Amino acid sequence: DIQVTQSPSSLLASLGERVTITCQTSQSISNNLNWYQQKPGQAPMLLIYYATSLQTGMPSRFSGQYSGRSFTLTITSLEPEDIANYFCLQHYSARPWTFGGGTKLELK
Amino acid sequence: EVQLQESGPGLVKPSQSLSLTCSVTGYSITSNYWGWIRKFPGNKMEWMGYISYSGSTSYNPSLKSRISITRDTSKNQFFLQLNSVTTEDTATYYCARRVGPWGQGVMVTVSS
């Protein structure tokens, strides 16, 4: 199976700060990775799909990049409503999907 | 707009089977991939398996002996069956499209 290592597991940041979260996969998956945001008591919301595409309706301060097996989610300027858990999901071809371990983003 | 909604019992007894339904509106399940995911207390997420547009399936190896995902294309629904459940299967269960929205989730407790 493809392993996904997500870092950091928790993150303290200030409003207006630039935030970066990373997922590293154990094998090449091309761009088959999504990023999700989840707030307590709510279903996960798709933020970024196929590594770089911003889901319709999501703020443009969210962006995704990748290079090889390393994928990053960036929030360019942290807003209060961005405080949440974030996780990635690789969904490469017909292989089993796997999640990153998640990042808990909190206000400093 | 694509919407997914899980349904099923919230309480299952140990050793019994857990059965959930995912009803999809706004998109045909004969396209794309449709998965079941669960989130355990403590926030760990686990992909359980998916059913493809053609009806083929793929399962998490850790569940392979206990899980079955099927579908009814006439109702645009797909289903999860997990056999021989234990308290370790207590979780919130979600259905989702490979790239797209998730359902709201259904909390399932395994307890006698």
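The values are calculated or read from the model by the stated rules, or taken from the named source; none is laboratory data. Quick caveat, the model's predicted, so the values are computed rather than measured. Here the Cβ is made from the backbone with ideal geometry for all residues, glycine too, and neighbour counts use every protein chain on show. Please note that ligands, DNA and RNA were not included when accessible areas were found on the heavy atoms of the full protein model with its side chains. Shrake-Rupley method; radii C 1.70, N 1.55, O 1.52, S 1.80 Å.
Chains B and A together bury roughly 1600 Å² of accessible surface, counting both sides and using a 1.4 Å probe on protein heavy atoms. Kirkwood radius, the protein assembly as shown, all distinct C-alpha pairs, inverse of mean reciprocal distance: 17.8 Å. Taking amide H as placed 1.01 Å from N in the peptide plane, the amide H of A:ASN32 sits under 5 Å from none that are at least 5 places away or on another chain. Relative contact order for the stretch A:2-51: 31 percent, from Cα pairs under 8 Å spaced at least 6 residues apart, divided by residue count.
Evaluated on chain B, the Kirkwood hydrodynamic radius is 13.9 Å, with distances taken between all distinct Cα atoms.
Of A:LYS108/B:LYS44; A:LYS39/B:LYS44; A:LYS39/A:LYS104; A:LYS108/B:LYS39; A:LYS39/B:LYS39, which pairs sit farther than 19 Å apart, going by alpha carbon to alpha carbon? Checking Cα-Cα distances, A:LYS108/B:LYS44; A:LYS108/B:LYS39 exceed 19 Å. Could you estimate the translational diffusion coefficient of chain A from the Stokes-Einstein equation, with Rh from the Kirkwood formula over C-alpha pairs, at 25 °C and 0.890 mPa s, in whole µm²/s? Taking Rh from Cα pairs, D becomes 179 µm²/s. Of B:TYR93, B:TYR50, B:TYR33, the residue with the greatest mean-square motion in the GNM of chain B, using alpha carbon springs below 10 Å, is B:TYR33. Here the spin labels are modelled as points 7 Å beyond Cα on the Cα-Cβ line, and at A:ALA94 and B:GLU1 they lie 3.6 nm apart.
Please find, in a Gaussian network model of chain A (springs between Cα atoms separated by less than 10 Å), the residue of A:ALA43, A:ALA13, A:ALA84 whose mean-square fluctuation is greatest. Highest fluctuation among the options: A:ALA43. Label point of B:THR70 set 7 angstrom out along Cα-Cβ; within the stretch B:1-27, amide nitrogens under 17 Å from it belong to B:7-9, B:17-23. Between A:SER26 and A:SER60, residue separation times 0.36 nm minus the direct Cα-Cα distance comes to 9.3 nm. Summarising the label geometry, the points placed 7 Å from Cα in the beta-carbon direction at B:SER17 and A:ARG18 lie 5.4 nm from one another.
Per residue, the protein assembly as shown exposes an accessible area of 45 Å² to a 1.4 Å probe, with every protein chain left in place. Taking the stretch B:32-58 and a reference point 7 angstrom along Cα→Cβ of B:THR87, the backbone N atoms nearer than 18 Å belong to B:40-43. With contacts taken as Cα pairs under 8 Å at a separation of at least 6 residues, chain A carries a relative contact order of 38 percent.
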